[in-house]
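Quick notes on the structure that follows.
Taken together, the values in this text are just the output of simple stated rules run on the coordinates, not laboratory data. Every value quoted in this text rests on a predicted model; they were computed, and no experiment measured them. Heads up, the Cβs are rebuilt from the backbone with ideal geometry, glycines too, and the neighbour counts pull from every protein chain shown.
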Amino acid sequence: MSTPIEQAIIKTAYGEMTVAFWSDVAPKTVENFKKLANDKFYDGTAFHRIIKGFMIQGGCPNTKKGAKGQPGTGDPGYKIKAEFNAKAHVKGVLSMARAASPDSAGCQFFVCHGDARFLDKQYTAFGQVVAGEDVLEKIANLPTTHGGGGEKSTPIDRVEVESIRIVPAA
């Protein structure tokens, strides 16, 4: 008997997004994301980087209330190897955020809000939003300001990830 295919439900104050995983092209990345979600690592983090037409980024432990450290620089204490694949970075695609090194991802992820094909085969795409596109729209259209850097991508109001739960596919 085969294991049922699982999905992630990303619950925010703006609603829920359901993501189907691409275990066939990024099995270790999917397993890492599921492990962190099951350990409640993501609960209480926030989408700390929003660029309308590009992506919304979250998963940094430094975005939890009371956490120390610059949002966008945190990790789970380890890095995972990249699993670049042929999946296109288009609207609704779930992918791993990373630093300059290809193998520097750990826990941070982003959901594409538009066509970002320039990221193809340079970032690990590992899933697709299958429900809750309206939530992606709401979050991507929130007002932003300049954060610590020069980019106007820090949401003015906190966009909390209340939870990410792994559930059997419907």
| query | Sequence-distant or interchain residues sharing an amide H contact under 5 Å with Val93, placed H: which? | reply | Cys112, Val129
| request: Would you calculate a helix-derived [θ] at 222 nm for the chain, using -39,500 (n - 2.57) for each DSSP H run of n ≥ 4 and dividing by the full residue count, to the nearest 500? | output: -3500 deg cm²/dmol
| task | Report, by chain and number, residues whose modeled amide H sits under 5 Å from the one on Arg49, excluding near sequence neighbours (fewer than 5 apart, same chain). | result | Gln57
| said: Take Glu31 and Ala67, extend 7 Å from each Cα along the Cα→Cβ direction, and tell me the distance between the two endpoints in nm. | reply: 2.5 nm
| note | Stretched fully, the stretch from Phe84 through Lys52 gains (0.36 nm per residue minus C-alpha distance, one decimal, in nm) 9.1 nm
| What is the magnitude of the charge dipole of region 1-61 about its Cα centre, with +1 placed on the Cβ of each Lys and Arg, -1 on the Cβ of each Asp and Glu, and no other charges, expressed in debye to the nearest 20? | 220 debye
| Calculated FRET value between Ala100 and Ile166, using beta carbons and R₀ = 35 Å, to 0.05 | 0.70
| field | Whole-Hz ³J(HN,Hα) from phi, Karplus 6.51 cos²θ - 1.76 cosθ + 1.60, for region 154-161, glycine and proline x | value | 8, x, 5, 9, 4, 10, 6, 8
| task | Could you list which residues have their amide H under 5 Å from that of Ser153, counting only those 5 or more apart in sequence or on another chain, with H placed in the peptide plane? | result | Thr145, Gly147
| field | Positive dipole terminus of region 6-168, leading residue within Phe41, Gln128, Gly92 (C-beta point charges) | value | Phe41
| request: Would you kindly calculate the mean projected area, averaged across all directions, of the convex hull enclosing the Cα atoms of region 6-168, in square nanometres? | output: 8.4 nm²
| remark: Expected vector for region 58-68, Karplus 3J(HN,Hα) from phi with 6.51, -1.76, 1.60 and θ = phi - 60°, integer Hz, x for Gly and Pro, equals x, x, 7, x, 6, 9, 5, 4, x, 6, 9
| message | Could you derive backbone 3J(HN,Hα) for region 13-28 from the dihedral phi with the Karplus parameters 6.51, -1.76 and 1.60 (θ = phi - 60°), listing whole Hz in sequence and x where the residue is Gly or Pro? | response | 5, 9, x, 10, 10, 9, 10, 8, 8, 10, 5, 5, 10, 9, x, 6
| request: Mind putting a number on the dipole of region 6-168 about its Cα centre? Charges go on the C-beta only, +1 for Lys and Arg and -1 for Asp and Glu, and I need it in Debye to the nearest 20. | output: 360 debye
